[in-house]
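Contents: one structure, followed by commentary.
A short reminder: the numbers here are calculations on the coordinates, not readings from a lab. As the structure is a computational prediction, the values presented were derived from the model and not from experiment. Methodologically, a virtual Cβ is constructed for each residue, glycine included, from the backbone with ideal geometry; neighbour enumeration extends over all protein chains shown.
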Ligand code: ADP
Ligand code: MG
Ligand code: MG
């Protein structure tokens, strides 16, 4: 599936809306195992993203590249550079490799891993993103986004029982167990927004 600039803009508008609605919950999760700013961080970033006018960009790749740069520059904390890199690499895959959305998703997640050096099981946003990408590959076509979102939700839920070994939550060691990773929770919102914008 090729992504239009209108779909990309609808994705970001919906993401901004879902993050706005859940920012307090994200911050509360980060209060349990981090420094109580995750909702504030991603909300600041996506508020800025929501001010971009998609009409200023020739295609989805150019627009999402700007989204990535905006998140890197406006969001303090670990999540800004990580989500920023996600969108930069996502955009790069759309242009350079002429990739579809599923391949771009894989490239974006690869960017997060290259930057953050985390793997599955370390209680990060990857707990939602990696299973989501697997589901996207397995369900390409019919109801793909339902499968993607369900896998992300299950993955975020599974992060509750994990001990963090990357990011701030890792400072807590065993005490990081019992709380959902804030970044996994925000990644679910970004994927729900993608489902909304890109349909089945
Ligand atoms: P900070 O921890 O700097 O305050 P945020 O609170 O905005 O930044 O983001 C925290 C989230 O970032 C974590 O919940 C986790 O999902 C994600 N994160 C932190 N480090 C990594 C990493 N190395 N790889 C992937 N995700 C990470
Ligand atoms: Mg934090
Ligand atoms: Mg912080």
Of all residues in the range 157-169 being crowded, with 18+ Cβ neighbours inside 10 Å and farther than 21 Å from residue 114 by Cα, the one that is nearest to ligand 2 (Cβ to nearest atom): 162
Which condition breaks for residue 4 when tested against (1) in contact (Cβ under 8 Å) with a residue 12 or more places away in the chain; (2) away from ligand 2 (no atom under 16 Å from the Cβ); (3) surrounded by 16 or more Cβ atoms within 10 Å (Cβ to Cβ)? (3)
Among 97, 153, 157, which is more than 16 Å from ligand 3 (Cβ to nearest atom), free of Cβ contacts under 8 Å to residues at least 60 places away in the same chain and farther than 22 Å from residue 26 by Cα? 97
Restricting the search to the range 30-39, which residues are within 18 Å of residue 83 (Cα to Cα), near ligand 1 (Cβ under 8 Å from one of its atoms) and assigned to a helix (DSSP H, G or I)? 30, 38
Restricting the search to the range 31-55, which residues are within 16 Å of the chain's Cα centre (by Cα), within 12 Å of ligand 3 (Cβ to nearest atom) and buried (at least 22 other Cβ atoms within 10 Å of the Cβ)? 38, 39, 41, 42
With the requirement that a residue be assigned to a helix (DSSP H, G or I) and within 11 Å of the chain's Cα centre (by Cα), what does the range 103-126 give you? 105, 108, 109, 112, 126
Could you look through the range 7-22, keep only residues that are crowded, with 22+ Cβ neighbours inside 10 Å and within 17 Å of residue 184 (Cβ to Cβ), and pick out the one that is farthest from ligand 2 (Cβ to nearest atom)? 15
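Answer with yes or no whether residue 25 is surrounded by fewer than 20 Cβ atoms within 10 Å (Cβ to Cβ), assigned to a helix (DSSP H, G or I) and either more than 18 Å from the chain's Cα centre (by Cα) or within 13 Å of ligand 3 (Cβ to nearest atom) (or both).
On the way: surrounded by fewer than 20 Cβ atoms within 10 Å (Cβ to Cβ): yes; assigned to a helix (DSSP H, G or I): yes; either more than 18 Å from the chain's Cα centre (by Cα) or within 13 Å of ligand 3 (Cβ to nearest atom) (or both): no.
Answer is no for this residue.
Report yes if residue 187 is crowded, with 21+ Cβ neighbours inside 10 Å, part of a helix (DSSP H, G or I), touching a residue at least 12 places away in the same chain (Cβ under 8 Å) and within 16 Å of ligand 2 (Cβ to nearest atom), otherwise no. Walk me through how you get there before you give the answer.
On the way: crowded, with 21+ Cβ neighbours inside 10 Å: yes; part of a helix (DSSP H, G or I): yes; touching a residue at least 12 places away in the same chain (Cβ under 8 Å): yes; within 16 Å of ligand 2 (Cβ to nearest atom): yes.
So residue 187 passes the test.
Against the condition without any contact (Cβ under 8 Å) to a residue 60 or more places away in the chain and surrounded by 17 or more Cβ atoms within 10 Å (Cβ to Cβ), how does residue 82 come out, does it pass?
Details: without any contact (Cβ under 8 Å) to a residue 60 or more places away in the chain: no; surrounded by 17 or more Cβ atoms within 10 Å (Cβ to Cβ): yes.
No; evaluated as a whole, the condition is false for this residue.
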Given the options 64, 82, name the one that is within 16 Å of ligand 2 (Cβ to nearest atom), at negative phi and assigned to a helix (DSSP H, G or I). 82
